[in-house]
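Structure record follows, encoded as structure tokens.
The values are calculated or read from the model by the stated rules, or taken from the named source; none is laboratory data. Keep in mind the model is a prediction, meaning the values are calculated, not measured. Cβ coordinates were reconstructed from backbone atoms using ideal geometry, including for glycine residues, and neighbour counts include every protein chain displayed. Surface areas here come from the heavy atoms of the whole protein model, side chains and all, with no ligands, DNA or RNA. Shrake-Rupley method; radii C 1.70, N 1.55, O 1.52, S 1.80 Å.
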Amino acid sequence: METVMTFAAKNGQRVTIRPAETGDSCAIIDTVRSNAMERSYVLMEHYGKDVESEREYIKTLDSAKNLLIVAETGDEVVGCLAVLQADGGRRPETTHIAHVGLHLREAFRGLGIGPHLLGYAIEWAVEKGFKKLEANIFTTNKRSLGMFTKAGFVEEGVRKNRIQVGREFINEVLMGKLL
């Protein structure tokens, strides 16, 4: 598998997908936070790191079992995707599973970038010998549910009233893909 992938988005822009580098820390945090501000219900307590913590995280990430990639147009990071081995690889009975999390800036959705990020992740996971990918997606995120379904993920369960935003309770769909 090539580590750098370039393609034309639906709007004609050149997009490069590549492994994240420590210099991407600020852009990754900004991308994840942009999703939270758009009410996509990202749980910020998991992603509210400062730039230095994110740099250290990228530097020490075990790339044999975990993947962190970015999508960029020109010199702007517009999306990121993480594939992390279940339970940090600490439980032998779940080392065959990896969790997928994808974030894309709103202005770059619907351009085919998300499916390319997900395709890259699936190819990487197969090469690394994973047997299953999992993703947790809130039911309000119809676009992501559709994209993961098109990529072969299936619904495995629903966590009812998983998160409360204001007075609204939102369900979370548990999705999986056997490799």
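Residue check, Val4 against (1) open to solvent by less than 50 Å² (accessible area, probe 1.4 Å); (2) modelled with pLDDT of 90 or more, all met but one. Which one?
Result: Val4 passes all but (1).
Applying the selection to segment 92-126, what residues are part of a loop (DSSP other than H, G, I, E, B) and either small (Gly, Ala, Ser) or under 19 Å from Val173 (Cα atoms) (or both)? I'd like the intermediate steps shown before the answer.
The initial filter retains those residues of segment 92-126 that are part of a loop (DSSP other than H, G, I, E, B), namely 95-96, 105, 109-112.
Answer for segment 92-126, where residues must be part of a loop (DSSP other than H, G, I, E, B) and either small (Gly, Ala, Ser) or under 19 Å from Val173 (Cα atoms) (or both): Gly110, Gly112.
State which residue pairs qualify: first residue in contact (Cβ under 8 Å) with a residue 60 or more places away in the chain and inside segment 134-145, second residue open to solvent by 40 Å² or more (accessible area, probe 1.4 Å) and of a type in the set (Gly, Ala, Ser) in any location, beta carbons under 6 Å apart, and separation of 6 or more residues or different chains.
If the second residue must be open to solvent by 40 Å² or more (accessible area, probe 1.4 Å) and of a type in the set (Gly, Ala, Ser), no pairs are left.
Report whether or not Gly114 is of a type outside the set (Ser, Thr, Tyr), under 28 Å from Ala8 (Cβ atoms), at pLDDT 95 or above and open to solvent by less than 70 Å² (accessible area, probe 1.4 Å).
yes
Taking only segment 125-150 into account, find how many residues are among the aromatic types (Phe, Trp, Tyr) and open to solvent by less than 20 Å² (accessible area, probe 1.4 Å).
Counting residues in segment 125-150 that are among the aromatic types (Phe, Trp, Tyr) and open to solvent by less than 20 Å² (accessible area, probe 1.4 Å) gives 2.
Any idea which residue in segment 68-94 is surrounded by the most Cβ atoms within 10 Å (Cβ to Cβ), counting only those that are charged (D, E, K, R) and closer than 18 Å to Ile29 by Cβ?
Here is the first cut: in segment 68-94, the residues charged (D, E, K, R) are 72, 75-76, 87, 90-91, 93.
Remaining after also requiring closer than 18 Å to Ile29 by Cβ: 72, 75-76.
Details: Glu72: 18, Asp75: 6, Glu76: 11.
If we take residues in segment 68-94 being charged (D, E, K, R) and closer than 18 Å to Ile29 by Cβ, then Glu72 is surrounded by the most Cβ atoms within 10 Å (Cβ to Cβ).
Answer yes if at least one residue in segment 44-67 is open to solvent by less than 60 Å² (accessible area, probe 1.4 Å), under 22 Å from Gly152 (Cβ atoms) and modelled with pLDDT of 90 or more, and no otherwise.
yes
Given the condition open to solvent by 90 Å² or more (accessible area, probe 1.4 Å) and outside any strand (DSSP E or B), answer yes or no: does some residue in segment 151-166 qualify?
No, segment 151-166 contains no residue that is open to solvent by 90 Å² or more (accessible area, probe 1.4 Å) and outside any strand (DSSP E or B).
Can you pull out the residues in segment 95-110 that are on the phi > 0 side of the Ramachandran plot and open to solvent by 60 Å² or more (accessible area, probe 1.4 Å)? Break it down into steps so the answer makes sense when it comes.
Just the residues of segment 95-110 that are on the phi > 0 side of the Ramachandran plot, to begin with: 110.
Selection gives nothing.
Could you give every pair whose Cβ atoms fall below 9 Å, whose first residue belongs to segment 18-35 and is acidic (Asp, Glu), and whose second residue is modelled with pLDDT of 85 or more and assigned to a loop (DSSP other than H, G, I, E, B), counting only separations of at least 6 or pairs across chains?
If the second residue must be modelled with pLDDT of 85 or more and assigned to a loop (DSSP other than H, G, I, E, B), the pairs left are Asp30/Arg105.
Is it true that Val15 is among the aliphatic types (A, V, I, L, M), modelled with pLDDT of 95 or more and either out of contact with any Lys or Arg (no Cβ under 6 Å at 6 or more places or on another chain) or open to solvent by 50 Å² or more (accessible area, probe 1.4 Å) (or both)?
Yes; evaluated as a whole, the condition is true for this residue.
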